[in-house]
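Okay, structure first, notes after.
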Amino acid sequence: MKKLTRFQQNLFKTLHLISASIWLTGVITLALMPFISVNIKSGDELYMYNLVYHFIDIKILSPAAISTLITGLIFSIFANWGFFKHGWLIYKWVITVLIILAGTFYLGPMVITMLEIADIKRISALEDSYYQSGSSIGLWASIVNTALLIIAVIVSVYKPWRNIKNEK
């Protein structure tokens with residue numbers, strides 16, 4: 001299989017780092033947003049808060065996560081990194097896929113439902129049990145995702161697990 005040239009590797013590495021940076025920034029932003037929600041006093045403010053949260057999640061965070069996955073796939077296929085040669089790469093693959101799957105099939109739909117609840121119930125959405133649990137789950141998910149993505153950055157830099165084939 002044809003390998004990437006040095007220029008192509010640098011290009012995809014740049015795109016990968018930019019995508020991962022946007023993804024991490026989006027997750028950190030979602031983790032910090034509840035700090036501004038404590039000042040919400042009206043239904044319009046609550047709806048706007050959820051609209052912004054949804055926008056960040058769907059229009060910024062999700063495309064960045066997918067772009068990170070795609071550029072990582074290109075690196076794994078067309079460079080010498082492979083998929084399972086290094087423990088640190090396995091960690092990154094597992095974390096990337098798990099976070100994207102959880103976001104796609106659980107967290108994303110939850111955010112959409114919370115936006116709909118805020119649109120219909122306005123300020124009384126704060127008393128809705130689904131909305132309350134969704135707020136808590138969203139906060140914890142963003143904290144956990146932030147930690148996992150920061151660890152992914154750290155293992156990318158330090159590459160703590162040696163080549164798996166050499167360890168056997």
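Here are some notes:
- Residue among Ile58, Ile74, Ile40 with the largest mean-square fluctuation in a Gaussian network model of the chain, springs linking Cα atoms under 10 Å: Ile40
- Sum of -39500 (n - 2.57) over DSSP H runs of 4+, divided by residues of the chain (222 nm, nearest 500): -24500 deg cm²/dmol
- Each Lys and Arg contributes +1 and each Asp and Glu -1, all at the Cβ; summed about the Cα centre of the chain, the dipole is approximately 1300 debye.
- Considering only Leu46, Thr14, Phe35, the residue lying farthest towards the positive end of the dipole of the stretch 6-167 is Thr14, judged by Cα position with unit charges set on Cβ.
- Tilt relative to the chain, helix 87-102 - C-alpha long axis, 0 to 90 degrees, to 10: 30 degrees
- Taking N as its residue count, the alpha carbon Rg of the stretch 1-127 over 2.2 N^0.38 Å: 1.33
- Sequentially through the stretch 143-148, phi angles give Karplus couplings (6.51, -1.76, 1.60; θ = phi - 60°) of 5, 5, 4, 4, 4, 5 Hz, Gly and Pro residues having no value and appearing as x.
- Once backbone amide H atoms are built at 1.01 Å from N, His86 has Ile164 as its partners under 5 Å, excluding neighbours fewer than 5 places away on the same chain.
- J(HN,Hα) series, the stretch 132-139, from Karplus relation 6.51 cos²θ - 1.76 cosθ + 1.60, nearest Hz, glycine and proline x: 4, 5, x, 4, 5, 4, x, 5
- Between Lys85, Lys41, Lys59, the residue with the greatest mean-square fluctuation in the GNM of the chain (Cα pairs under 10 Å linked by springs) is Lys41.
- Relative contact order, whole percent, for the chain stands at 35, derived from Cα pairs under 8 Å and 6 or more residues apart.
- Cα long-axis angle, helix 43-55 against the chain (0 to 90 degrees, to the nearest 10): 10 degrees
- Considering only Ser62, Ser135, Met110, and ranking their Cα positions along the charge dipole of the stretch 6-167 that arises from unit charges at the beta-carbon of Lys, Arg, Asp and Glu, the one farthest toward the positive end is Ser62.
Read-outs throughout are calculated quantities, based only on the coordinates presented, and are distinct from any laboratory measurement. All values derive from a computational prediction rather than experimental measurement. Methodologically, a virtual Cβ is constructed for each residue, glycine included, from the backbone with ideal geometry; neighbour enumeration extends over all protein chains shown.
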